[in-house]
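**Student:** Attaching a single structure in structure tokens format; questions to follow.
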């Protein structure tokens with residue numbers, strides 16, 4: 001089953017993480033053995049190196065994408081998940097297919113809105129403008 005969706009304003013890290021979440025959410029049977037191949041060091045290392053557990057203890061202080069990491073944890077804990085990092089753009093058939101799907105999805109009309117990201121970006125912009133105005 002192929003899953004692809006595009007958002008109008010977001011980041012590659014959010015989309016890499018959302019791809020993993022969407023794949024796990026699509027699984028119907030619980031406690032499956034799942035191997036996720038990804039070229040995202042951000043996603044793979046955060047889980048494989050255990051950083052996620054320290055982030056949780058610190059309530060994600062200073063970390064981005066808390067909303068997606070919490071959503072990820074809900075589905076991650078329902079399965080036996082293992083991550084394998086694959087080098088991007090290294091002629092891996094499935095990674096190439098994912099890249100094609102991502103590009104196609106990003107070119108769709110009426111892209112979805114990543115409300116959490118847009119709200120946080122707006123707050124950051126407002127804070128930056130405020131800081132610059134008070135220099």
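Please treat every number below as a calculation from the coordinates, not as lab data. Remember, it's a predicted structure, so these values are computed and weren't measured experimentally. Methodologically, a virtual Cβ is constructed for each residue, glycine included, from the backbone with ideal geometry; neighbour enumeration extends over all protein chains shown.
**Student:** With each run of n ≥ 4 DSSP H residues scored as -39500 (n - 2.57), what mean residue ellipticity at 222 nm is computed for the chain after dividing by its residue count and rounding to the nearest 500 deg cm²/dmol?
**Tutor:** -17000 deg cm²/dmol
**Student:** May I ask you to derive the relative contact order of the chain, considering only C-alpha pairs under 8 Å and at least 6 residues apart, and to give it as an integer percent?
**Tutor:** 42
**Student:** While we're here: What is the mean projected area of the alpha carbon convex hull for the range 12-133, to one decimal in square nanometres?
**Tutor:** Approximately 9.7 nm², given one-decimal rounding.
**Student:** Here's something else I'd like to know. If a paramagnetic tag sat 7 Å from the Cα of residue 106 along the Cα-Cβ line, which residues of the range 4-34 would have the backbone N under 13 Å from that point?
**Tutor:** Within reach of a label on residue 106: 5-16.
**Student:** With angles folded into 0 to 90 degrees, how steeply does helix 12-25 sit against the dominant principal axis of the chain? Use alpha carbons for both and round to 10.
**Tutor:** Approximately 40 degrees, to the nearest ten.
**Student:** Based on the Kirkwood radius over alpha-carbon pairs, what is the Stokes-Einstein translational diffusion coefficient of the range 72-118 at 25 °C with 0.890 mPa s viscosity, in µm²/s?
**Tutor:** Stokes-Einstein gives a translational diffusion coefficient of 179 µm²/s.
**Student:** If one takes the longest principal axis of the Cα atoms in the chain, at what angle in degrees, from 0 to 90 and to the nearest 10, does the Cα axis of helix 66-76 lie?
**Tutor:** For 66-76 against the chain, the angle is about 20 degrees.
**Student:** Now, a different point. Mind pulling the angle between the C-alpha long axis of helix 115-133 and the longest principal axis of the chain? Nearest 10 degrees, somewhere in 0 to 90.
**Tutor:** Tilt of helix 115-133: around 30 degrees.
**Student:** Where in the range 68-96 does the amide nitrogen come within less than 17 Å of the point 7 Å from the Cα of residue 4, taken along Cα to Cβ?
**Tutor:** Output list for this probe position: 89, 92-96.
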